Each structure stands twice: as C-alpha cells, then as structure tokens.
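The values are calculated or read from the model by the stated rules, or taken from the named source; none is laboratory data. Computed from a predicted structure; not experimentally measured. As a convention, Cβ positions derive from the backbone with ideal geometry for all residues, glycine included, and neighbour counts pool all protein chains shown. Heavy atoms of the whole protein, side chains included, go into the accessibility calculation; ligands, DNA and RNA do not. Shrake-Rupley method; radii C 1.70, N 1.55, O 1.52, S 1.80 Å.
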2 protein chains.
Amino acid sequence: MKLYTIWRSQAAFRVRIALNLKGLAHEDIAINLDRGDQFKPEYKAQNPQAVVPTLYDGDAKLFQSVAILEYLEEKYPHPPILPKDLLARAWVRGFAFVNAADSHPLIVPRIRNYLTNVLNVDEPGRTAWIQHWLGSGLQAMEDLLAEKNPTGKFCHGDSPTIADICLVTQVTPAQLFKTDTAAYPRVMRIYDHCMTIAPFAEAHPRRQPDFAEH
Amino acid sequence: MKLYTIWRSQAAFRVRIALNLKGLAHEDIAINLDRGDQFKPEYKAQNPQAVVPTLYDGDAKLFQSVAILEYLEEKYPHPPILPKDLLARAWVRGFAFVNAADSHPLIVPRIRNYLTNVLNVDEPGRTAWIQHWLGSGLQAMEDLLAEKNPTGKFCHGDSPTIADICLVTQVTPAQLFKTDTAAYPRVMRIYDHCMTIAPFAEAHPRRQPDFAEH
C-alpha cells in the first residue's frame, strides 16, 4: 500500500496505527503541508480536499481517515479493530467521532490559517482555541469512559479498537499544544497502555522519517 | 425508538432520514438548545457532550450521528444505506465525512458561541465563517462527484446511501445561511432528487414540530 502522509497529521496517524495493527506493509510518501505540497496539481488531482491522508491499496484510492479504517476492517478483518457486538461497535464508533469529527477538524491547518488571516487571531489566541477544543474532546472522552467504566486494557475490552486509535490521536496533539491532561486519568491510562504497544508507538508522529527533517 | 432532537440540528436530521428510509418509527423529544435544555443534568447524564441527537433503541443508548447510521445499517439492514462493494462503501463513507467531520462540526452552536464570546467576532464575521466552511465542503463534494461522475439518481447508484444523507445535511445549512449553491450543480441535482422522496422531505428541519414553535 502507499500512504500519502505528513508526520504531524492526526488523520494519517490513525491510518498508520490501523495498518500496523493489521500487519499491512505500507510505503509512506511525505506531503509537506508547510511547503504547500498538498495544493500541487498532481496531489490535488488525487485528493480534491488537498488533505492527507490518501491511501492506495493497489490501484484503489481511499480518502478520509475513518472511512479508511472501516475499509481496512472490512477488507482485512484480522485482527479486528471493531468489536462484534452491535452496541459495542456503536459505542466504539461514537467515542471515535468525539475526536475524528468533533475535535480534530477544529484544529487543522486550514482552520488555524483562517483564524490568523481572516479573523486576525494572534498566536496566544490560536493556542487557546486549540487547547479549548482538545480539552473539551478529552473531557467528553473522560465522561464516556467514566460512564462505561471499562475494566480491560483498552476502551473496550483487552484488544485495541477504533476508539483507542482516536483516543490516541486526541491525546497526542493535546501534548503537542501543552494541554493539561491530568484531569483525564481514564483517558491517560489507556493512552499510556497503547504507547507500550509497537503498532501504536511506531506510528507516533515523532517516529516518522519526515519528522526528523522538519 | 426515542430520538432526542432539535429541528435545526443537521446531525439529528441525518438520523431522521435514516430512520425514515428504513421504516423505523420514532418518538421525537425536542431539546431546546437556545433555552439550554442540553445542559440540564437529566440530559447531560444521557449525553455527556450535551449535544443532539441521542437515540434510544429500546434501552440501548446511541450517540454521534454517523455511529448511529452505522448501527442502524447493521441492526436493520433492509433497505441498505451502504453499497455492498467494499470500495464503494469506502467512497460513500469518505464522501459523508466531508460533511460530518470536515464541515458540520465547524458551524455548530458551541463554535459560534466561542467566536462571539471569546474572539469577539461580529454577526457578519460569523456568517462569513459559516459560509466559508459550508462552501468549501460543497466544493469538495462537487469535486468528488465530478471525479466519480455518477450516472444514477444518487451519489452512488439508484438508491440512497449515507453519502446522500450527508450531502443533504451539507446543503440544508448552506441554504439557511444563504450560501450560493449555483456553483455546485452535481451536488444540487442529487439534493433536489432527494427532496422529492418522502423519507428525506419529511425529515427536513422545516417539517419538524418544534420548528413551528421556535
């Protein structure tokens, strides 16, 4: 498989974790968002939103990280990243969207650029914006975990699911933007456990080749 | 089923369409977001994010609209709202997330409140923000449809899928906030067709009982 990616993208990070969990080899092609690689005609022709990731499974082109996770689960079901029980699947997906829909899209480069260039928000104001939305997503995850009270190692049971993938991609930018995570002990317990496991740890933004170059 | 909803929520609109398409009866309970009903302890205990919709299927509680659509598809598969082919499913989901992840979360009340109360953005500035993000989602949908060039009545084939549900919930707020839709003819052809069909038309925000009261 071929993954168009950038080290710091939380959406690409999700896909890397899933590929690693399922043991699927992938060649990574770095898209330098700071240099504007995403707007070059040859990339925009592949991804009209000019965002990462884009994944190729052979000739088949895939876009939008959660749609890619669902595809990987359907095409390569072992090991699974969704539980079997329908209500558990719904909870896992609902939990994941706290990150993938309600938090992460609020802090991506195009939003930060709009805050800077159109609304004239200064750097402390942008950081406060990012910390606010990452914190409110972390709080929602903490509340959901308090309600469910999982006794296993992960959000649901003892093997990782899409919920854990999206928990990790909520915590990593929170750490990058120095959001205090002490108020979210249930979230952090699971995050810390995920990071002891190679498929998560090796997918971390800091472990990507293009991180070293930035 | 019991659906906690507000007439203007695009997320609740998605769930209503899916319930209607699948012929599932539901009792709607209006949550007045302007009055702050979502922050009342009895609702927040059900939905820690204090957002709509929440759906009860018997005693089973469901949250996050796209997770609810996936649950309904798995539990009540007929008629389907996802294609069978794996790549088509991935495209449909990817298209849906242009709305459900990359557009809609940017314009919900909590964002508008932050723009107003923290960043002191005035009403024309907020409207420009909303129009900008709805427009860029519509453009991405138009580009995806141009690339795929569907010849059927809907985004994929001749029966509605999650892609059409999320296309509709991209267009409806664009119309409400007077975004020009003329530049998106492929999107609007499908929107107009959806609105000729009862499960979509009857789910429209203007057709909800609490719309009349607002």
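Relative contact order of chain A: what whole-number percent is it, with Cα pairs under 8 angstrom and at least 6 residues apart?
25 percent
With the label 7 angstrom out along Cα to Cβ, how close does A:Lys148 come to the same site in each of the other copies, in nm, nearest first?
Distances between equivalent label points, in nm: 2.9.
List, largest first, the extents of the alpha carbons of the protein assembly as shown along their principal axes, each in whole Å.
For the protein assembly as shown, the Cα spread along each principal axis is 57, 48, 47 Å.
Rolling a 1.4 angstrom probe over the protein chains, ignoring ligands and nucleic acids, what is the accessible area of A:Ser159 in square angstrom, nearest 10?
60 Å²
Normalising by the residue count of the stretch B:119-214, find the relative contact order in percent from Cα pairs under 8 Å and 6+ residues apart.
27 percent
Please calculate how many Å² of accessible area the stretch A:76-203 carries per residue, with a 1.4 Å probe and no DNA, RNA or ligand atoms counted.
I get 40 Å² per residue for this part.
Within straight cross-link reach of A:Lys84, meaning Cα distance under 22 Å, which lysines are found once same-chain residues fewer than 8 apart are removed?
Cα-Cα hits under 22 Å: A:Lys22, A:Lys75, A:Lys148, A:Lys153, B:Lys61, B:Lys75, B:Lys84.
Among all the aspartates and glutamates, which ones have a C-alpha under 18 Å from A:Lys44's C-alpha, if same-chain residues fewer than 8 places away are not counted?
Counting by Cα, and skipping residues close in sequence, A:Lys44 has these aspartates and glutamates nearby: A:Asp28, A:Asp34, A:Asp59, B:Asp102, B:Glu142, B:Asp143, B:Glu147.
Relative contact order for the stretch A:1-101: what percent, with Cα pairs under 8 Å and sequence separation of 6 or more?
30 percent
Quick query: amide H of B:Thr54 versus all other amide H atoms, modeled in the peptide plane; which residues come in under 5 Å with a sequence gap of 5 or more or a different chain?
Excluding prolines and chain starts, which carry no amide H, the hits are B:Tyr4.
Percent antiparallel among DSSP beta bridges with both residues in chain A, to the nearest 5?
Beta bridges within chain A, antiparallel portion: roughly 65 percent.
Where does chain A land at 222 nm, in deg cm²/dmol rounded to the nearest 500, when only DSSP H runs of n ≥ 4 count, each adding -39500 (n - 2.57), divided by all residues?
After summing the helix terms and dividing by residue count, I get -15500 deg cm²/dmol.
Go through the stretch A:76-108 and flag every residue whose accessible area shrinks by 30 Å² or more with all protein chains in place compared to the isolated chain (probe 1.4 Å).
The answer is A:Leu86, A:Leu87, A:Ala90, A:Arg93, A:Gly94, A:Phe97, A:Ala101, A:Asp102, A:Pro105, A:Leu106 - residues whose exposure falls by at least 30 Å² when every protein chain is included.
For the stretch A:56-178, I need the span (max minus min coordinate) of the C-alpha atoms along each principal axis, in Å, sorted largest to smallest.
Here the spans come out as 48, 43, 21 Å, largest first.
Compute for chains A and B the buried accessible surface, both sides summed, probe 1.4 Å, and express it in Å² to the nearest 100. All intermediate terms of the calculation are to be shown ahead of the outcome.
Working: alone 10670 and 10650 Å², together 17310 Å².
Heavy-atom accessible area buried at this interface is about 4000 Å².
Which residue is it, in chain B, whose C-beta lies closest to the B-to-A rotation axis, and what is that distance in whole Å?
B:Ala101, 2
Defining the label point at 7 Å along Cα→Cβ, can you sort the distances from A:Ser159 to the same site in each other copy, shortest first, in nm?
Label point to label point, same position, other copies: 3.1 nm.
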